[in-house]
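The values are calculated or read from the model by the stated rules, or taken from the named source; none is laboratory data. On a predicted model such as this, the values are computed, not experimentally measured, just so you know. So basically every Cβ, Gly included, is an ideal-geometry build from the backbone, and we count neighbours across all protein chains shown. Quick note on the areas: whole protein, heavy atoms, side chains included, nothing else; ligands and nucleic acids left out. Shrake-Rupley method; radii C 1.70, N 1.55, O 1.52, S 1.80 Å.
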Amino acid sequence: MKGCLSCAAALVGAMTLTLHAQAPAPATPEGLVKAAKRAAGLDYPGTFLRICVAPDNLEGGPGRGAAPPAARSVPARALWYAKPYKVFDTLYFVGTRIHSSWALTTSDGIVLIDTLFDYAVEPEILEGLKTLGLDRRKIKYVLISHAHGDHDQGAALLQSRYGAKIVMGAADWESTLPRPASAPGGVPKRDIVVGPEGTKIILGDTTIDVIATPGHTPGTLSYIFPVKDNGRSMVVAYAGGTAFNFPRRAENFATYRDSQNKMAKAAAAAGATVVMSNHTEFDRAYDRVRIAQLPRTVGEKHPYETDTATVLRYFEIGADCAEAQRLSMQ
Ligand SMILES: [Zn+2]
C-alpha cells in the first residue's frame, strides 16, 4: 500500500493534464470528428457512429425532429423483449433489447431509471422486478432522463399505480403536461421538477446526483450514482440523452456540447468508472448485462467497469461531435 496516496495524486494530476491538454480542441469540423473518433476508440463505436458519422438531423431543416417520436404500433415482442438480470449488487436491468430501464435498490426502496415505451412497461419492468424478487410497490422514485416516448411512457402508470414520484427536467415537464390523455402510456402529473441547477435524490443509504444536461431535449437529465460489485463500490455516470434529433441550430449544438463537458467534470469529480446510457446501442447494455452473469476469475473486472479516463472519453465524443456540427454551420 506504501506510496498509494502519491500514486493517486499522480493519477489525478495526469488526468487533469489530459483534460487541459484537450482544451484547445482542433477548430475544424474534420479535426473534431477525428478527435471524437480517437475518443471513441474501441469502447464506444455505437455512440460515434450515431452522432459523428450519421447524425440524425444532418439533412433536416430547422424544426425537424423537434417532436418526440410519434405513437407507434406495438412491434413484435421478439424484436424487443429482453430478460431481466441482476447486474450489480444493487442494480437490476429491466430494459428491452433497445432501451434501458434500471432498478437501483436502496435501504428504503427502489429508484427506477427510465421507463421504456408503454407496451414494455408491464412485461419488462413490472414482470422483470417480480422475476428478480423485487417488490414493485417499493418503487419510490422514477427518474426520466428525457421526455421522449422510449423513456417516459411508463411514468404515468408507475405514478398512479404505485405512488412513485416522477423526476423530470423542468423544460421536459413543459412538453409532457400538454400531451393529450390518449397519448401512449398516459400523462404523468407534475411531480419533482429539476431546474438547470440539478438536484440530489436521496433514498435511504443512496444519493443520486441529478445533473441538468440540456441538448438532446431542453430538459435532459443525466446522473451520477453509486453501485456495488460484490461489495466493492464504484460510481456510474449515466448519459441521459445522446442523438442529435433536435432542431439543427448552432445554439442547440453549443448547449449540447456544454452539457457533455459538464458531465465529464461531474464524472471526473466523482471518480466514475462506469458509463451507462439509456439506449443499449451506446453502452452495449444488452450484451453487458448478460456477460455480467458469467463467473469471473479473481481480479477480473465487471463488464461495465472501466477507468475514469475511459468514462471521460465517452463525454468527449458528444462534445467534439456537437462542436463539429456547430462549426460546420458557420
Ligand atoms: Zn430521445
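Some notes on this structure:
- Average accessible surface area per residue within segment 287-330, 1.4 Å rolling probe, Å²: 46 Å²
- Whole-number percent relative contact order across segment 166-281, with pairs defined as alpha carbons under 8 Å at least 6 apart: 21 percent
- For Met276, nonlocal amide neighbours, meaning residues 5 or more places apart or on other chains whose placed amide H falls under 5 Å from its own, are Ala237, Tyr238, Ala239.
- Here the average projected area of the convex hull drawn through the C-alpha atoms of segment 114-201 stands at 5.4 nm².
- Put simply, the Cα atoms of segment 270-330 extend 52, 23, 16 Å along their principal axes, the longest span coming first.
- Summing Cβ point charges (Lys, Arg +1; Asp, Glu -1) relative to the Cα centre of segment 190-232 gives a dipole of roughly 60 debye.
- In sequence order, calculated HN-Hα J values of segment 169-182 (Karplus, 6.51, -1.76, 1.60; Hz; x Gly/Pro): x, 3, 5, 7, 4, 4, 7, 7, 4, x, 4, x, 4, 7
- Electrostatic dipole magnitude of segment 71-175 [Cβ: Lys, Arg +1; Asp, Glu -1; Cα centre; debye, to 20]: 360 debye
- Counting Lys and Arg as +1 and Asp and Glu as -1 over every other residue whose Cβ lies under 11 Å from the Cβ of Thr105, the net charge comes to 0.
- Across segment 86-96, rounded Karplus estimates of 3J(HN,Hα) from the backbone phi angles (6.51 cos²θ - 1.76 cosθ + 1.60, θ = phi - 60°) give 7, 10, 10, 4, 10, 9, 10, 8, 10, x, 9 Hz, Gly and Pro being marked x.
- Spherically averaged projected area of segment 204-320 from its Cα convex hull (nm²): 7.9 nm²
- Per-residue packing, averaged as other Cβ atoms within 10 Å, sorts the ranges 146-159, 190-203 into the order 146-159, 190-203, beginning with the highest.
- Residues whose amide H lies under 5 Å from that of Ser101, counting only those 5 or more places away or on a different chain, are Val94, Gly95, Thr96; hydrogens are built 1.01 Å from N in the peptide plane.
- Charge dipole magnitude, Cβ of K and R +1, D and E -1 - segment 173-302, Cα centre, debye nearest 20: 140 debye
- Segment 123-232: antiparallel DSSP beta bridges as a percent of all, rounded to 5: 60 percent
- Residue-by-residue Karplus 3J(HN,Hα) for segment 275-290, coefficients 6.51, -1.76, 1.60, Hz, glycine and proline x: 10, 10, 9, 8, 10, 5, 5, 8, 10, 6, 4, 4, 6, 5, 5, 6
- Residues whose placed amide H lies under 5 Å from that of Ile139, excluding near-sequence neighbours: Ile110
- Euclidean distance between Cα centres, segment 173-228 to segment 298-330, Å: 22 Å
- Qualifying lysines (Cα of each under 22 Å from Cα of Lys189; at least 8 residues distant if same chain): Lys138, Lys140, Lys165, Lys200
- Screening the chain for whole DSSP H helices with an alpha carbon extent of at least 15 angstrom along the helix axis and a mean Kyte-Doolittle hydropathy of at least 0.0 yields 4-22, 308-328.
- Of all accessible heavy-atom area on the chain, the percent that carbon and sulfur account for (1.4 Å): 58 percent
- Entry note, the chain: relative contact order of 20 percent, from Cα contacts under 8 Å with a spacing of 6+ residues.
- Computed over the chain, the P(r) curve from all C-alpha pair distances, binned at 20 Å from the origin, holds 32, 59, 9, 0 percent per bin.
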